[in-house]
Amino acid sequence: MTLLAVAEVGRGPLDPNAPVLHADDQGVLRGRAVFETIRVYDGHPFRLEAHLDRLAASAARIGLPPVDADGLALAVEEALEAGGRPDAVLRLLWTPGREGEGTPTGLALVSTLPAGHDTLRARGLRLAVVPWAPGALIAGTKSTSYAENMAAVDEAARRGADDALFVAPDGIVLEGPTSNVWWREERRLLTPSLELPILAGVTRATLLELVSDVGYGVQEGSFPLERLLAADEAFLTSSIREVMPVVAVDDAPIGDRQPGPAAQSLQRALRSAAGYPLER
Ligand code: PLP
């Protein structure tokens with residue numbers, strides 16, 4: 001991804017190659033800030049309101065000053081215009097600002113889409129199981145303290161996989177470092193419940209509304225890894241990767257080791273919901 005544009009709440013568009021935050025910004029120094037990552041389809045950030053709501057909830061959870069949602073929405077427009085790309089990644093950052101000063105900074109960042117997702121979608125991901133026991137504050141909060149998540153992705157890569165799958169100490173499937181996880185048992189889709197320590201994905205919520213339209217049932221719950229390993233197909237979901245098939249976990253094939261039909265139908269349904277059909 002390449003950063004194309006940045007706009008700051010109250011300051012408007014900035015040079016994307018110039019420094020924006022101070023060295024003693026609490027987000028920089030301590031990971032005490034919150035963020036969101038949003039897909040922009042044809043100039044429209046998909047489910048921006050839901051992302052702004054989650055940003056505000058995450059900020060409240062870690063004790064940051066309240067998010068200026070209107071200011072951020074304006075910064076989003078400014079950054080999208082400056083970025084000049086109809087299809088892009090939009091990120092929001094809300095940090096409480098410099099040490100001892102307490103003036104929050106809100107940023108909207110526009111970047112190019114990451115390369116290679118369509119190739120990965122066609123072949124499907126291999127995941128590596130990584131044990132995960134998130135702290136009470138971090139679980140379900142989209143703070144910038146993502147070092148552990150990124151270390152899990154690195155560990156998965158060292159083990160020859162594309163991404164990690166977080167499993168709790170009691171063997172219950174949680175999520176990925178940057179995605180939610182789902183699998184299919186015949187006509188039913190299963191996904192970990194929000195009562196578990198996972199992030200409430202905006203994509204997850206969107207897909208829960210679309211599942212019955214594409215002919216599947218759904219069950220949210222607390223499921224052991226064995227259930228996923230025996231599934232007919234599996235996939236990850238996130239705003240940027242959308243619906244991404246999973247074909248193996250720790251070298252065990254999932255289903256017939258091919259991207260499955262539910263992932264394909266949901267990817268299609270997600271794009272339609274975004275007003276951006278696959279066949280464009
Ligand atoms: N879970 C985690 C830990 C994440 O970081 C993300 C996205 O970054 C998700 C799930 C998926 O969330 P969304 O669908 O809102 O992109």
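The values are calculated or read from the model by the stated rules, or taken from the named source; none is laboratory data. A quick note: this is a predicted structure, and the numbers were derived from the prediction, not measured. Note that we place each Cβ from the backbone using ideal geometry, even for glycine, and neighbour counts take in every protein chain shown. Accessible surface areas use protein heavy atoms only, side chains included; no ligands, DNA or RNA. Shrake-Rupley method; radii C 1.70, N 1.55, O 1.52, S 1.80 Å.
Within the stretch 45-69, if we keep just the residues that are within 16 Å of the ligand (Cβ to nearest atom) and open to solvent by 70 Å² or more (accessible area, probe 1.4 Å), the residue that is farthest from G27 (Cα to Cα) turns out to be R47.
Looking at L14, L4 in this structure, which one is touching a helix residue (DSSP H, G or I) at 6+ places or on another chain (Cβ under 6 Å) and either open to solvent by 30 Å² or more (accessible area, probe 1.4 Å) or over 30 Å from P245 (Cα atoms) (or both)? Let's see the steps before the verdict.
Numbers: L14 fails: touching a helix residue (DSSP H, G or I) at 6+ places or on another chain (Cβ under 6 Å).
It is L4.
Can you tell me which residue in the stretch 84-101 is most open to solvent (accessible area, probe 1.4 Å), limited to those that are out of contact with any Gly (no Cβ under 6 Å at 6 or more places or on another chain) and farther than 19 Å from G10 by Cβ? Ranking the qualifying residues of the stretch 84-101, first place goes to R85. Restricting the stretch 222-280 to residues that are part of a strand (DSSP E or B) and among the β-branched types (V, I, T) leaves a set whose member that is farthest from the ligand (Cβ to nearest atom) is V247.
What tally of residues in the stretch 168-187 results from selecting those that are within 16 Å of the ligand (Cβ to nearest atom) and open to solvent by 30 Å² or more (accessible area, probe 1.4 Å)?
Just the residues of the stretch 168-187 that are within 16 Å of the ligand (Cβ to nearest atom), to begin with: 168, 172-183.
Now narrow it down to the ones that are open to solvent by 30 Å² or more (accessible area, probe 1.4 Å): 178.
The total comes to 1.
Taking into account only those residues within the stretch 10-64 that are in a helix (DSSP H, G or I) and polar (S, T, N, Q), which is farthest from T112 (Cα to Cα)? My answer is Q26.
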